[in-house]
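Bear in mind these aren't lab numbers, they're just calculated from the coordinates by the rules spelled out. Everything numeric here is computed off the predicted structure, so don't read it as measured data. Heads up, the Cβs are rebuilt from the backbone with ideal geometry, glycines too, and the neighbour counts pull from every protein chain shown.
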Amino acid sequence: MLKMLAGYSLFAAGLFAVVLHPAWKKYYIAGKTVCSFAFLAVLAAAGICGEKEAQLRLMLPAFLCCLAGDIFMGFYNRFRRRPQFLAGLFCFLAGHVGFVRWLCARQPVRGTQLLFPAAAVLLALGMTGGTYLHTGRLRPYIAVYAFFVALFFTKGVCLREAEPGTASLMIAVGAALFFLSDISILFLYFYKNRSVWIHIFNLATYYYGMFFLAVSLLF
């Protein structure tokens, strides 16, 4: 796992460097795409080495949706065209649904596990209803997105409680990082004062979240 982490971190560091250097902006789409193929490679390697082919097949659709979302968001960050953002948003929503499906195959949803997602929807509506976050007509979609993001996080934490072990720990850490990344999206794309460090935080939590989800198949 440590060798995988070291190799993966090289790709991530390259992407962070592109974000931090304005002159390298033209390489952003390529850097983001390479990092996304890197987490697919980690997933495949972990699934094969851990002999978890069935789990690999369940996780693969979600990872492919995230790959597609990364490519669309890469183009959006480069050219700032609204259809690219919407395509990326729906790809990531499909990815979250895929992750929830994968975790539900391991542990069915209980009624109490829907409480936090419901609260997340209310919180998202409250945050986007003010003057600081400018979401416009995307507000309803953000509320739906918030539900599945929070449900994915909840399922990851509950799985850790139900199945103590390294695999469930990796899943819980990955889901938590993914959750933090999705929260930062609000401040990256809809807050009037955007910092490059929010972008770095968003990418770091997302890509390492994907890494920990992928390597869970090793255990």
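Within region 155-219, report the trypsin sites (Lys or Arg not before Pro) that DSSP leaves as loop and that have at most 14 other Cβ atoms within 10 Å.
On the way: sites: LYS155, ARG160, LYS192, ARG194; in loops: LYS192, ARG194.
Here the trypsin sites (Lys or Arg not before Pro) that fit, given the DSSP loop and packing criteria, are LYS192, ARG194.
From largest to smallest, what semi-axes in whole angstrom does region 139-197 give when each is the square root of 5 times an eigenvalue of its alpha carbon gyration tensor?
On the way: eigenvalues 149, 40, 5 Å².
So the three semi-axes of region 139-197 are 27, 14, 5 Å.
Using Cα pairs closer than 8 Å and at least 6 residues apart in sequence, work out the relative contact order for the chain, in percent. Can you show the working numbers first?
Values: 272 pairs, mean separation 51.7, N = 219.
For the chain, the relative contact order is 24 percent.
First select every other residue whose beta carbon is under 12 angstrom from the beta carbon of TYR189; then total the charges, Lys and Arg +1, Asp and Glu -1.
On the way: positive: ARG80, ARG82, LYS192, ARG194; negative: ASP182.
That works out to +3.
Cβ under 15 Å from TYR132's Cβ, TYR132 left aside: what net charge do those residues give with Lys, Arg +1 and Asp, Glu -1? Write down the numbers at each step before the final one.
Working: positive: ARG139, LYS192, ARG194; negative: none.
Charge balance near TYR132 sits at +3.
Nearest 500 deg cm²/dmol is fine: what mean residue ellipticity at 222 nm does the chain get from its DSSP H runs of n ≥ 4 alone, each adding -39,500 (n - 2.57), divided by its residue count? Walk me through the numbers before you get to the answer.
On the way: 8 runs with 175 residues, N = 219.
Taking each H run of at least 4 residues, the total per residue is -28000 deg cm²/dmol.
Indicate the helices, whole DSSP H runs only, in the chain that combine a mean Kyte-Doolittle hydropathy of 1.6 or more with a Cα extent along their long axis of 15 angstrom or more.
Working: long enough: 2-20 (26 Å, 1.86); 28-49 (31 Å, 1.77); 53-79 (39 Å, 0.82); 82-106 (37 Å, 0.85); 115-128 (20 Å, 2.04); 139-162 (34 Å, 1.00); 166-189 (34 Å, 1.91); 196-215 (29 Å, 1.31).
What comes out of the filter, once short or polar helices are dropped, is 2-20, 28-49, 115-128, 166-189.
Which of rounded, prolate or oblate describes the chain when judged by the alpha-carbon gyration tensor and an a/c cut-off of 1.5?
Values: a/c = 1.93, a/b = 1.14, b/c = 1.70.
In terms of gyration-tensor shape, oblate.
Using per-residue counts of other Cβ atoms within 10 Å, averaged over each peptide, order 166-177, 113-124 from highest down.
166-177, 113-124
For the peptides 206-219, 61-74, what is the packing order when you average, over each peptide's residues, the other Cβ atoms within 10 Å and list the highest mean first? Mind showing how you got there, number by number?
Numbers: 206-219: 23.8, 61-74: 20.7.
With the highest mean Cβ count within 10 Å placed first, the list reads 206-219, 61-74.
May I ask you to compute the full-extension gain from VAL144 to ALA30, defined as 0.36 nm times their residue separation minus their alpha-carbon distance, rounded to one decimal in nm?
Working: separation 114, 0.36 × 114 = 41.04 nm, distance 2.97 nm.
Contour length minus Cα-Cα distance gives 38.1 nm.
Can you spot the lysines whose alpha carbon is less than 22 Å from LYS155's alpha carbon? Ignore those fewer than 8 places along the same chain.
By straight Cα distance, LYS155 reaches LYS52.
Summing +1 for each Lys or Arg and -1 for each Asp or Glu, what net charge is found among the other residues whose Cβ lies under 14 Å from the Cβ of ALA17?
Numbers: positive: LYS25, LYS26, LYS32; negative: none.
Overall, the nearby charge balance is +3.
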